[in-house]
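Okay, so here's the structure we're looking at.
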Amino acid sequence: MSALSIAIDNGVAVVTFDLPGEPVNKFSKAVIADFVAVFDRLERDPAVQAAVLISGKPDTFIAGADIDQFLEFTSAADATRESAEGHALMNRLEHGRVPWVAAINGACLGGGLEASLACAYRIVGDSPKTVLALPEVQLGLIPGAGGTQRLPRTVGLQVALDMILTGKNVRAKKALQTGLADEMAHPSILRDVAIRRAMELASGKIPRHRTRKQDAKGALLEGNPVGRAVVFRQAREMTMKKSRGHYPALLAALEAVAAGYSGSVADGFATEARLFGEMAFTPVSRQLIFLFYATTALKKDSGVSGDAPSPALIGKIAMLGTGFMGAGIAAVSAMQGVTVRFKDTKLAAVAKGLTAVRDVLHDRLRKKQVTRQQFEDQLSLVSGTVDYAGFGNVPLLIEAVFEDLAVKHAVLKEAEAVLPRGAIFATNTSTIPIHQIAAASRDPSRVIGMHFFSPVHKMPLLEVIVTPRTAPDAVATTVAFGRRLGKTVIVVNDAPGFYVNRILAPYINEAGKLLDEGARIEDIDRAMLDYGFPVGPVTLLDEVGIDIAGKSGAIMAAAFGDRLQPSATLGKVLAAGRLGRKGKKGFYLYDEKGKKGGVDESVYAVMPTGSTRAAVSASEIQERLSLAMVNEAVRCVEDGILRAPRDGDIGAVFGIGFPPFRGGPLRVVDTIGAAELVRRLEALNAKHPGRFEAAKLLREMAAGGKTFYPATGKPV
Ligand code: NAD
């Protein structure tokens, strides 16, 4: 069955792309063959004067290339050849006998946008579903079907670099403003408008090859080699600063775009093909593709092993605690059309919470991500209360009151007196084991953990925690609800620290122990930024709150003993009254407005080694901190906290910002090799007894030559 069908309308061939049996349109070898057949036919048919490319799928134009194919390349040369074939195909769109109009409604990504760029005219559907992007760098690749050449020609160098280096989505209106689209039309008339424009192209009323209009400033910067050199230099500097050199595709993309300006048109395309091939074989792209698959697989995971009960559809929730986290959870729920009953103990707290909800929602209005009507509709879904009125018919309650077992027990009992039987009680506790909270419940099978990360509207991860008594349907419903909130959801078993905070503990402790020994704060943070984390561990302590870290550290030490004993520094800095950013006093300096400055040198005085500081090499810092986390992640597999290694990698990348180009802590085990890792851990343990003993599972893997993931094919 062909993915393409042709209908002739007034001399215009309307080619509809509708990949059979798939939710979205993707380019694959078979689809490319279909396109070639269509081109051949149109080339021969004198009755056809122009063509329209349109999608038969409701929310997607073309989602890009089939990623499975990237894993089938056998060499860089093989991938380069594929790219050259893509070029040949797009050339037929651009230079074939008839001009093409792209009628774009829904997602138009990667190869989809590259095909559109080869068309003579682009019309975008005026719908929030319409997004255009070249997301290849997010997979460690570069656009390989002409994107690095045609996009700058279409929208100018600066807009093109911004899109290519970030992979970000451009909406319909913006596409029109930047010249990425020639016209915007309501989806209901998109096809008709496209046919009309195709006829106008055929008649010459619209010229087939048009030059881009540019304002004076743009022309000055981009229109001459000196101006372009400035743009490229700035882009390169910014890229290096942000990526710290860990993402080679960013530099390759810059090189490919630059080649389009410095040599012939053919040189530009040849450079793109060569670099696409090289990037397809970098370890970075393998890790990023792994993460893509892992995330996709998680989206389909019910959270329950074996036969999963169907999740209940949740249209209304109750939110206990209108503080920092409660407001965030209420806001993301309202964004998804969920009604929220929002309770705290005092009206003032409720009012503060409602303001915080409004701020999050209003931010989206300000950024034009929603209309004023949508903003007002969402805001009206959240209603405040200081009693349990309105709790009688909610199927799910999320609790985010103070982190105190007695308070959690009290609200659990109060809520259960009014909630309907079978309602789920989800707690957002960050440290209290869920079974301890459930112990006070009339029905522990309905109690579950929903560990959100702050700020809730920005952090992509949700850790759902189940106890042996949590009912499978409660798990499936909670997971489905979390996903509806737009979160990537991992399900973990109940144990101190759950998963994310458990692997964070030895990492943070190790940073503290380095401070105990006399290392400098900036050396530790810089080393871990260089390793690829988005913030250094000492900065993280200031951000999270040194009191919160102290509390959580004590819980982990009580549960796991010496191995997870917090540093002396942490206790002493806390005892000195430093809370971190929120108290404007921590490891770093903060001004009146809370803006972070350099290291607060006075903090060294309270540390065990005082103000005498010595340089510690970045490699030692990185080795100690990263391997402490990696080893703990392996223990979480060993202890059955994780349902799959995949969840451990996703949890670390999305919850903590573990460097994506490394794939996650368990991917690191496979990269280094279990035997080598055991050797390195033993060396560390000899110097720091008790903290680096290799996990039992790691030793077994080393002995058996095992890995967490298969070496070839799909990584999950
Ligand atoms: P917060 O102090 O900002 O908010 C707690 C709210 O609970 C306050 O408004 C308080 O008035 C209210 N409250 C206290 N007792 C109550 C009761 N009996 N009934 C109703 N409301 C009551 O705290 P937060 O940072 O939002 O944390 C809330 C929970 O989320 C804690 O369990 C915390 O461990 C967890 N958590 C926090 C973070 C974080 O980064 N702050 C991250 C993950 C989880």
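We did not get these values from a lab; they are worked out from the coordinates using the rules stated. In this text the structure is predicted, and so the values were computed from the model without any measurement. Neighbour counts run over all protein chains shown; Cβ positions are idealised from the backbone, glycine included.
With a threshold of 22 Å on the Cα-Cα distance, the over-threshold entries among Lys242/Lys596; Lys408/Lys572; Lys408/Lys584 are Lys408/Lys572; Lys408/Lys584. Volume per residue of the convex hull around the Cα atoms, evaluated for the chain, comes out as 178 Å³. Computed from phi, the 3J(HN,Hα) profile of segment 172-188 under the Karplus parametrisation 6.51, -1.76, 1.60 (θ = phi - 60°) reads 3, 4, 5, 4, 5, 4, 8, x, 5, 10, 8, 7, 10, 9, 5, x, 5 Hz, with x in place of Gly and Pro. Among the trypsin sites (Lys or Arg not before Pro) found in segment 317-353, those both in a DSSP coil and sparsely packed, with 15 or fewer other Cβ atoms within 10 Å of their Cβ, are Lys346. In this structure the amide hydrogen of Glu183, modeled in the peptide plane, comes within under 5 Å of the amide hydrogens of Arg122, Val124, none closer than 5 places in sequence on its chain. Work through the residues other than Thr612 whose Cβ is under 13 Å from its Cβ and net out their charges, Lys, Arg +1 and Asp, Glu -1. Here the charged neighbours net out to -1.
Can you give the extra length, in nm with one decimal, that the chain gains between Gln69 and Val36 once fully stretched, where that is 0.36 nm per residue apart less the Cα-Cα distance? Provide the component values of the computation, followed by the final result.
Working: separation 33, 0.36 × 33 = 11.88 nm, distance 1.86 nm.
That pair, Gln69 and Val36, stretches by 10.0 nm at full extension.
Remark: spin-label model distance Lys593-Glu693 equals 5.2 nm, labels positioned 7 Å along the Cα→Cβ axis.
I'd like the FRET efficiency for Ser619 and Glu200, computed as 1/(1 + (r/R0)^6) with the beta carbon distance as r and R0 of 51 Å, rounded to 0.05. With R0 = 51 Å, the Cβ-Cβ based efficiency is 0.20. With 0.36 nm allotted per residue and the present C-alpha distance subtracted, the Tyr293-Ala348 stretch has 15.2 nm of extension available.
Please sort 270-282, 195-207 by packing, taking for each peptide the average over its residues of neighbouring beta carbons within 10 angstrom, highest first. Mind dumping the intermediate values first?
Values: 270-282: 22.9, 195-207: 17.4.
In descending order of packing, they fall as 270-282, 195-207.
Output the pairs from Lys129/Lys241; Lys168/Lys352; Lys29/Lys706; Lys352/Lys582 with a Cα-Cα distance over 26 Å in this structure; if there are none, say none. Could you put the intermediate results ahead of the total?
Details: Lys129/Lys241 33 Å; Lys168/Lys352 34 Å; Lys29/Lys706 34 Å; Lys352/Lys582 17 Å.
Where the Cα-Cα span goes over 26 Å, the pairs concerned are Lys129/Lys241; Lys168/Lys352; Lys29/Lys706.
Put simply, when 10-22, 436-448 are sorted by average Cβ atoms within 10 angstrom per residue, most first, you get 436-448, 10-22.
Using 0.36 nm per residue, how much length does the chain from Asp639 to Lys413 gain when fully extended, once their Cα-Cα distance is taken away? If you can, show how the numbers build up before the last one.
Values: separation 226, 0.36 × 226 = 81.36 nm, distance 3.15 nm.
This chain segment gains 78.2 nm when fully extended.
With a ≥ b ≥ c the root eigenvalues of the C-alpha gyration tensor of segment 4-281, is it rounded (a/c under 1.5), prolate (a/b larger than b/c) or oblate? Note, shape of segment 4-281 comes out prolate. Relative to the longest principal Cα axis of the chain, at what angle does helix 347-366 sit, 0 to 90 degrees, rounded to 10? The helix 347-366 is inclined about 20 degrees to the chain. Applying the Karplus relation 6.51 cos²θ - 1.76 cosθ + 1.60 with θ = phi - 60° to segment 638-646 yields 3J(HN,Hα) values of 4, 7, x, 5, 9, 7, 7, x, 3 Hz, where x marks Gly and Pro.
Each label point was placed 7 Å from the Cα along the Cα-to-Cβ direction; for Leu313 and Glu22 their separation is 2.9 nm. Within the same chain, lysines fewer than 8 places from Lys316 are excluded, and of the rest, those with a Cα less than 20 Å from its Cα are Lys343, Lys487. Listed by chain and number, the lysines whose C-alpha is less than 21 Å from the C-alpha of Lys205, apart from same-chain residues fewer than 8 away, are Lys213. Dividing the alpha-carbon radius of gyration of segment 340-452 by the rule-of-thumb value 2.2 N^0.38 Å gives 1.18. Modelled spin labels at Ala266 and Asp78, positioned 7 Å past Cα toward Cβ, are 2.8 nm from each other. Relative to the longest principal axis of the Cα atoms of the chain, the long axis of helix 521-531 makes an angle of roughly 40 degrees. Between 0 and 90 degrees, the angle of helix 265-280 with respect to the longest Cα principal axis of the chain falls at about 30 degrees.
Ordered by packing density, taken as the mean number of other Cβ atoms within 10 Å over each peptide's residues, highest first, how do 525-534, 103-112, 360-369, 284-293 rank? Walk me through the numbers on the way to the answer.
Working: 525-534: 19.0, 103-112: 27.8, 360-369: 14.9, 284-293: 20.9.
Packing proxy ranking, top to bottom: 103-112, 284-293, 525-534, 360-369.
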